[in-house]
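S.K.: One structure, pasted below without further comment.
The values are calculated or read from the model by the stated rules, or taken from the named source; none is laboratory data. All figures in this text were calculated on a predicted structure; none of them were measured in a lab. Ideal geometry is used to build each Cβ from the backbone, glycine not excepted, and the neighbour counts take in all protein chains shown. We work out accessible area using only protein heavy atoms, side chains counted, and drop any ligands, DNA or RNA first. Shrake-Rupley method; radii C 1.70, N 1.55, O 1.52, S 1.80 Å.
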Amino acid sequence: MKSGVDLQRAAMAEICSTRDDWSFHVTSDPLTRFLRDRRLRTALHILRVRGLLEPAKQSALIVCGGVGGEGVFLSRYGFTDVTVSDLSEEALAVCRSLEPRLRTMPLNAENMAEIPDSSYDLVLVQDGLHHLPRPVLGFTEMLRVARRAVIVIEPHEGLVGRLIGTEWERHGDVVNYVFRWNRSILNQATRSYLLCTRAIVLPHRMWDHNVVVGKLARRFSERWRLLVAKAVYQVLRPVNRLGNMMVAVVVKPDDNPAHRSGQCAAPKLS
Ligand SMILES: C[S@@+](CC[C@H](N)C(=O)[O-])C[C@H]1O[C@@H](n2cnc3c(N)ncnc32)[C@H](O)[C@@H]1O
């Protein structure tokens, strides 16, 4: 039997061999940019307000980065040291053609053994962990190789996801279960791996229905499209706490032993 990882590798190879238009990742069309970048901007905002965002000085690793959508975004945002990793060599080849400034690295997100602990300031995944057979293992690997913070943008567990969300994603014969996160899962996975009371876990819940919102906005003339899309998400804002998407930041405690003062000591057993 093929493992879930082998199936995902085959699926992405097939997608890359049949699709030749990836321009939506690099387009400057304002509506597409708004829809595609919204979640990433939210994550960076969470870091910025805590004084933890310094694009020009920070290194970033993207996990399950596919053909490089998040890499292109970070690079345009001002990050100069961005590595896009993915299981699929074919996807990484497309990534290099879209943005030659990006570094690429073939990597199984469940086992990043070749990367030493605390190698990258930021480690980010978007729509990737739920393709893994062991999503929490992928997440704890991200925690291990991150020096400062991890960004996780994945489906949020909840009533709406259960009622109308996809439970099994299919691409031809390849299937993966859509693992949905919430505050409790994120918190527990973080603490059990880091053995640390002082890691900061910041899950943010929001709505994300880009296909539907994009279709709706494109019914309007070009000058109104962006406004319509923004208005839809603005209307949904008061009920973000029921949203289908998690944009989470986990901040690791300072590595510097001089600043540590027992930050990462596990709570004492009595
Ligand atoms: C839905 S795509 C998302 C790509 C990108 N994050 C984006 O949003 O455009 C999922 C990606 O996860 C990758 N993937 C699946 N399993 C993986 C694994 N075990 N390790 C690394 N990447 C994996 C696939 O090759 C694919 O590129």
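S.K.: When the solvent-accessible surface of protein heavy atoms is calculated with a 1.4 angstrom probe, in what order do LYS215, LYS230 fall, highest first?
M.R.: On the way: LYS215 145, LYS230 95 Å².
Solvent-accessible surface, decreasing: LYS215, LYS230.
S.K.: Which value, in nm² and rounded to one decimal, describes the direction-averaged projected area of the C-alpha convex hull of the chain? Intermediate values should be presented prior to the final figure.
M.R.: On the way: hull surface 66.4 nm².
Answer in nm², one decimal: 16.6.
S.K.: Ignoring any ligand, DNA or RNA, what whole percent of the accessible area of the chain comes from carbon and sulfur when the probe is 1.4 angstrom? Display every interim value, and only then the final one.
M.R.: On the way: 7710 of 14060 Å².
Looking at the chain in its full context, I get 55 percent from C and S.
S.K.: List the relative contact order of the range 4-254 as a percent without decimals, with contacts defined as Cα pairs under 8 Å and 6+ residues apart. Show your work: numbers first, answer last.
M.R.: Details: 436 pairs, mean separation 48.3, N = 251.
The value is 19 percent.
S.K.: Another question about this same structure. Can you tell me what share of the DSSP beta bridges in the chain is antiparallel? A percent to the nearest 5 is fine.
M.R.: Numbers: 19 of 38 bridges.
Beta bridges within the chain, antiparallel portion: roughly 50 percent.
S.K.: Counting only the heavy atoms of the protein chains, how much of ASP127 is accessible to a 1.4 Å probe, in Å² to the nearest 10?
M.R.: ASP127 has an accessible surface of roughly 60 Å² with all protein chains in place.
S.K.: So, with +1 on the Cβ of K and R and -1 on the Cβ of D and E, and no other charges, what is the size of the charge dipole of the chain about its Cα centre, to the nearest 20 debye? Could the numbers behind the result be given before it?
M.R.: Details: 37 positive and 28 negative charges, 272 e Å.
The calculation lands at about 1300 debye.
S.K.: Looking at the range 25-147 only, what percent of DSSP beta bridges run antiparallel? Nearest 5 please.
M.R.: Details: 1 of 14 bridges.
Around 5 percent antiparallel, to the nearest 5.
S.K.: Something else: What trypsin sites (Lys or Arg not before Pro) does the range 1-91 have in DSSP loop regions with at most 13 other beta carbons within 10 Å? Spell out each step's value before the answer.
M.R.: Values: sites: LYS2, ARG9, ARG19, ARG33, ARG36, ARG38, ARG39, ARG41, ARG48, ARG50, LYS57, ARG76; in loops: LYS2, ARG19, ARG50, LYS57.
Taking the range 1-91 and a limit of 13 other Cβ atoms within 10 Å, the loop trypsin sites (Lys or Arg not before Pro) found are LYS2, ARG19, ARG50, LYS57.
S.K.: Which one of PRO238, PRO203, PRO155 has the biggest mean-square fluctuation once the chain is modelled by GNM with Cα springs under 10 Å?
M.R.: PRO238
S.K.: Could you list which residues have their amide H under 5 Å from that of SER59, counting only those 5 or more apart in sequence or on another chain, with H placed in the peptide plane?
M.R.: Those lying under 5 Å, H to H, from SER59 are ASP121, LEU122.
S.K.: What is the diffusion coefficient of the range 1-104 in µm²/s, taking the Kirkwood radius over Cα pairs and the Stokes-Einstein relation at 37 °C with a viscosity of 0.692 mPa s? Could you put the intermediate results ahead of the total?
M.R.: On the way: Rh = 14.7 Å.
Reported coefficient: 224 µm²/s.
S.K.: Once each part is reduced to its C-alpha centroid, what is the distance from the range 100-175 to the range 210-252 in angstrom?
M.R.: 22 Å
S.K.: Rolling a 1.4 Å sphere over the protein heavy atoms, what is the accessible area per residue of the range 4-254, to the nearest Å²? Before the final figure, lay out the partial values.
M.R.: Details: 12190 Å² over 251 residues.
About 49 Å² of surface per residue is accessible.
S.K.: Any idea which of GLY243, LEU74, ILE15 is furthest toward the positive side of the dipole for the chain, if Lys and Arg beta-carbons carry +1 and Asp and Glu beta-carbons -1?
M.R.: Checked the options; the winner is GLY243.
S.K.: Give me a comma-separated list of calculated 3J(HN,Hα) values for the range 169-181, in order, Karplus coefficients 6.51, -1.76, 1.60 applied at θ = phi - 60°, integers in Hz, x for any Gly or Pro.
M.R.: 8, 10, 10, x, 7, 8, 10, 9, 7, 8, 6, 10, 9
S.K.: Could you work out the longest stretch of the chain that avoids the GluC sites (Glu not before Pro) located in DSSP loops with at most 12 other Cβ atoms within 10 Å? It would help to have the intermediate numbers written out before the result.
M.R.: Values: sites that count: GLU114, GLU167.
That would be 1-113.
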